[in-house]
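Read the structure below first, then the notes.
The values are calculated or read from the model by the stated rules, or taken from the named source; none is laboratory data. Just so it is clear, the model here is predicted, and its values are computed rather than measured. Every residue, glycine among them, receives a Cβ derived from its backbone with ideal geometry; neighbour counts consider all protein chains shown.
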Amino acid sequence: MFIEINPDNIDKRLIQQVVDELRKGEIIIFPTDTVYAVGCDVKNKKALAELAKWKGVKINKANFSVICNDLSQVSGYVKQLDRTIFRLMKNHLPGPFTFILDATNEVSKLFDASKKEIGIRIPDNKIVTAIVEQLGNPLAVTSLHDNEDEITDYFVDPAAIYERYDDEVAVIIDGGLGHLEASTIVDCTGGAPEIVRQGIGEIEF
């Protein structure tokens, strides 16, 4: 299914269609505020296993991030944040950042593995925010890499994504052109936050 959603005028019926597929345990491809991503309902074990299989890894080895709707939803998946980290996240989210944080036992249960950390995203993208809000759960996600292009690492054109992946996922959302650069990854598990990958997001500590 190829669905075009205008981020400036979101059709709630289309969002509901996407959410219905997620609730069935399906995988979707969607835009973020950085590159296009592939993901599923984080609380659906069948879907998580399918996403891991799609990625070519076992679920207990999968290194997915979690997209949340807001900071209150984050609290179910990460240990209590100290004030400095919370303020840093509050000042930069929604935005093009992935914060690596200490995971709760809930994360280990979801991924059938002892996971000490998890990447958290709250993208500045109205489409994915509307999906997560309507679903009521975060999404487990991974960036959609273009392994066949020698110049770029990621897909930009939703039409090219559709050509490549139409028969592999339930829904592909056209939310406009994607970016060529991924999120900035900030590791907050070692006390002082540290940038481990510089992406689109500019951050000052």
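Some notes on this structure:
Residues are listed down the side, and each one gets a yes or a no for (1) buried (at least 19 other Cβ atoms within 10 Å of the Cβ); (2) assigned to a loop (DSSP other than H, G, I, E, B); (3) modelled with pLDDT of 90 or more; (4) touching a Phe, Trp or Tyr at 6+ places or on another chain (Cβ under 7 Å):
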site: ILE120; (1), (2), (3), (4): yes, no, yes, yes
site: ASP124; (1), (2), (3), (4): no, yes, yes, no
site: ILE127; (1), (2), (3), (4): yes, no, yes, yes
site: VAL132; (1), (2), (3), (4): yes, no, yes, no
site: ALA140; (1), (2), (3), (4): yes, no, yes, yes
site: ASP149; (1), (2), (3), (4): no, yes, no, no
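- The requirement of being assigned to a loop (DSSP other than H, G, I, E, B), under 29 Å from ASP157 (Cα atoms), under 15 Å from the mean Cα position of the chain (by Cα) and not charged (D, E, K, R) is not satisfied by ASN9.
- The residue of segment 56-103 that is nearest to GLY199 (Cα to Cα), among those that are in a helix (DSSP H, G or I) and basic (Lys, Arg), is LYS90.
- Test for ALA47: is it of a type in the set (Gly, Ala, Ser), out of contact with any Ser or Thr (no Cβ under 7 Å at 6 or more places or on another chain), closer than 26 Å to ASP20 by Cα and modelled with pLDDT of 95 or more: yes
- Meets criteria (surrounded by fewer than 23 Cβ atoms within 10 Å (Cβ to Cβ) and at pLDDT below 95) for LEU81: yes
- Some residue of segment 171-181 being surrounded by fewer than 19 Cβ atoms within 10 Å (Cβ to Cβ), closer than 26 Å to LYS90 by Cβ and out of contact with any Phe, Trp or Tyr (no Cβ under 6 Å at 6 or more places or on another chain): yes
- Taking every residue in segment 59-81 that is touching a residue at least 60 places away in the same chain (Cβ under 8 Å) and pairing it with any residue that is among the aromatic types (Phe, Trp, Tyr) and part of a loop (DSSP other than H, G, I, E, B), at least 6 positions away or on another chain, the pairs with Cβ-Cβ distances below 7 Å are VAL66/TYR77.
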